[in-house]
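Engineer: My questions will all concern the structure given below.
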Amino acid sequence: MTERFDTIVIGLGGMGSASAYHLARRGRSVLGLEQHDLLHRYGSSHGLTRIIRLAYHEHPSYVPLLRRSYELWHALSADAGEQLLITTGSVEGGDENGPTFRGALEAALLHDIPHEVLDANELRRRHPAFAGFEPSTRVVWQADGGFLLSERAILAHVRGALAAGADLRFRQPVRSWEPTADGGVRVTTDAGTFEADRLVITAGPWARTLVPRLGALAVPERQVVGWLQPTRPELFTVDRFPVFLLDVEDGSWYGFPVHDVPGFKFARYHHRGEPMDPDDLDRSANAEDEALLRAFATRYFPDGAGPTVMLGACIFTNSPDEHFIVDRLPDAPQVSIAAGFSGHGYKFCSVIGEIMADLATDGATRHDIGLFRLDRFSA
Ligand SMILES: Cc1cc2nc3c(=O)[nH]c(=O)nc-3n(C[C@H](O)[C@H](O)[C@H](O)COP(=O)(O)OP(=O)(O)OC[C@H]3O[C@@H](n4cnc5c(N)ncnc54)[C@H](O)[C@@H]3O)c2cc1C
C-alpha cells in the first residue's frame, strides 16, 4: 500500500532538515527523503561553519528575515542544549564606493542596526590580523556577526524533527514526483511510492533535476575553501577576529577566525567561476586552487598564511540575480521550492524552514519573500 503523509520533504541538508523540523513541530505528519547519508559531503552545507551577519549588503530586505533567523538559531541551540551560533562581530566592506560597503551601510541605516564605520588603519588597530588592506578600505563593523556550526545545526534540526515524530529516511534518492488528481503529490523512490498533500523541495544543487524550470535559474558551481595555519594564532582567535566579507582587486572574499580546526578558514566568492554538475564534481582541491587562496592570505592576512591544514570543494547554487528562489510552483501550488541560495543561504536555514512550513500548511507566510518570487525571471 502507498504510504500517505501530510507533507513530503525532498532533501535533508541545511534547508530540508529545518523544514522537516518546523513541519513536525506543528504536528504535521512528515516524510523526509534524502538521497545520501546524514551529514554527507556532496552538497552545500558541509565544511563545519557558515557566516551569519546582520548588516546585509546583498539587499536590505533580508534584514527582517535575518532577525527571525537569529531568534530561531538561539531557540534551536536551547532545544539542542548546545551553542550553535558563535558571535565574533562582522566586517563587511572594501572600496568606499563599492557594493559591499555601500550595501552594508544602507542596510544598517535603514534597519537601525548598531554599527561603526572603520577605515583600514582602525580595522588593523582593533584586529591586527587584517594587516594588508588598502588605506582606502572602509568597513561596516557590526557586533552581531559570527558563525554557525552548520553540521551541528543540521543534526539539531534532524534530532528535533525525529523527536517531534517526523519519518526521515536516508539513502533514498527521489527518482520522480507528480501531482495527483486529488491535488496532492506522488513521489517515487527505488523503495516505493509515497503520497502527500504537500511537497517541499529543498534539493540544493540538485533542485533543477527535480524541477526542470529551474534549469537556468539554479546553477551549481564548484566552490573551494581553505584552512591555513596562522603563524600568529593569537591574532585569529574568536575573541580577536571578526568574520569578514571584503572586496579586493580580484573579487569578494570571506573568512572566519580559527575554531575547532586549527586553521584560518577563507574563500573567494565564486572561486574560479566553474559551473558544474553536482554528480560529476571534482571534490578534491588542486594546486591552482591552493595557489589562489594562498596569494590572498599572503597579501591581506600575512600572519594567517602558514602551512595548509585543509582544502575542500563544496557547491554554490546560483540564481541569475543571486537572490534566493522561495515560492510555490505556479502550475502545482501544492509544491513549494527553496533553491538558488547563491552561496549565502545557510544563515537563513532556520527561517527558511519556518517559511517552508508556512507555505506547506497555510499556502502563505507572514514573512516578506517578495524578493524570492519565481516569476521575477519570467519577464
Ligand atoms: C563553500 C561554501 C561556503 C558557504 N559559506 C556560507 C556562509 O558563510 N554563510 C551562508 O549563509 N551561506 C554560505 N554558503 C551557502 C550555504 O551553505 C548554502 O546556501 C546552503 O547550505 C544550501 O542548503 P540546501 O539545503 O539548499 O542544500 P544542501 O545542504 O546541499 O541540501 C540539499 C539536499 O538535497 C538532497 N537531495 C537532492 N536531490 C535529492 C533527491 N532526488 N532525492 C533525495 N535527496 C535529494 C541532497 O543530497 C542534499 O542533502 C556556502 C556554501 C558553500 C558551498
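Each value in this text was obtained by applying a stated rule to the coordinates, not by laboratory testing. Please read all numbers here as calculations on a predicted model, not as lab measurements. Positions of Cβ are generated from backbone atoms using ideal geometry, with glycine treated the same way; all protein chains shown enter the neighbour counts.
Engineer: Can you run phi through the Karplus equation (6.51, -1.76, 1.60; θ = phi - 60°) for the range 141-149 and list ³J(HN,Hα) in whole Hz, with x for Gly and Pro?
Structural biologist: 9, 9, 6, 7, x, x, 9, 9, 7
Engineer: Right, next: Just Gly226, Gly251, Gly145 to compare: in a GNM of the chain, with alpha carbon springs under 10 Å, which one fluctuates most?
Structural biologist: Gly251
Engineer: Could you give the C-alpha radius of gyration of the range 40-157 expressed as a fraction of 2.2 N^0.38 Å, taking N as the number of residues it contains?
Structural biologist: 1.16
Engineer: So what's the projected area for the range 147-203, the Cα convex hull averaged over all directions, in nm²?
Structural biologist: Approximately 5.1 nm², given one-decimal rounding.
Engineer: Per Stokes-Einstein, at 25 °C and 0.890 mPa s, what whole-number D in µm² s⁻¹ belongs to the chain, with the Kirkwood radius over Cα pairs as the hydrodynamic radius?
Structural biologist: 116
Engineer: Now for a separate question. With a 10 Å cut-off between alpha carbons and a GNM built on the chain, which of Thr137, Thr209, Thr361 moves the most?
Structural biologist: Comparing Thr137, Thr209, Thr361 in the GNM, the peak value goes to Thr209.
Engineer: Could you identify which residue out of Arg208, Arg268, Arg171 has the top mean-square fluctuation in a GNM of the chain using Cα springs shorter than 10 Å?
Structural biologist: Answer for the Gaussian network model of the chain: Arg171.
Engineer: If we count other beta carbons within 10 Å of each Cβ, what is the order of Glu92, Glu71, Glu34, Glu322, fewest first?
Structural biologist: In order of increasing Cβ crowding within 10 Å: Glu71, Glu322, Glu34, Glu92.
Engineer: Need one word for the range 248-294: rounded, prolate or oblate. Basis is the Cα gyration tensor (sqrt eigenvalues a ≥ b ≥ c); a/c below 1.5 gives rounded, then a/b vs b/c decides.
Structural biologist: Oblate, because a/c is 1.5 or more while a/b does not exceed b/c.
Engineer: Here's something else I'd like to know. May I have the pair-distance distribution P(r) for the range 242-330, computed from all Cα-Cα distances with 5 Å bins from 0 and rounded to whole percent?
Structural biologist: Histogram of Cα-Cα distances, whole percents per bin: 3, 10, 20, 23, 18, 13, 7, 3, 2, 1, 0.
Engineer: Compute the angle between helix 14-25 and the longest alpha-carbon principal axis of the chain, please, reported from 0 to 90 degrees and rounded to the nearest 10.
Structural biologist: 50
Engineer: Based on the alpha carbon coordinates of the range 110-232, what radius of gyration and maximum Cα-Cα distance (Dmax) apply, in Å?
Structural biologist: 23.1, 66
Engineer: Rg to Rh ratio, the range 20-105, alpha-carbon atoms and Kirkwood radius?
Structural biologist: Here the Rg-to-Rh quotient is 1.05.
Engineer: Still on this structure, I have one more. Under the Kirkwood approximation for Rh and a Cα-based Rg, what ratio Rg/Rh is obtained for the range 115-157?
Structural biologist: Radius of gyration relative to Kirkwood radius: 1.21.
Engineer: Here's a follow-up. Looking only at Cα atoms, what is the convex hull volume of the range 183-284 per residue, in Å³?
Structural biologist: Considering the Cα atoms of the range 183-284, their hull volume per residue is 194 Å³.
Engineer: Could you please state, rounded to a whole Å, how far the C-alpha centre of the range 98-156 is from the C-alpha centre of the range 301-379?
Structural biologist: For the range 98-156 versus the range 301-379, the Cα centre distance is 22 Å.
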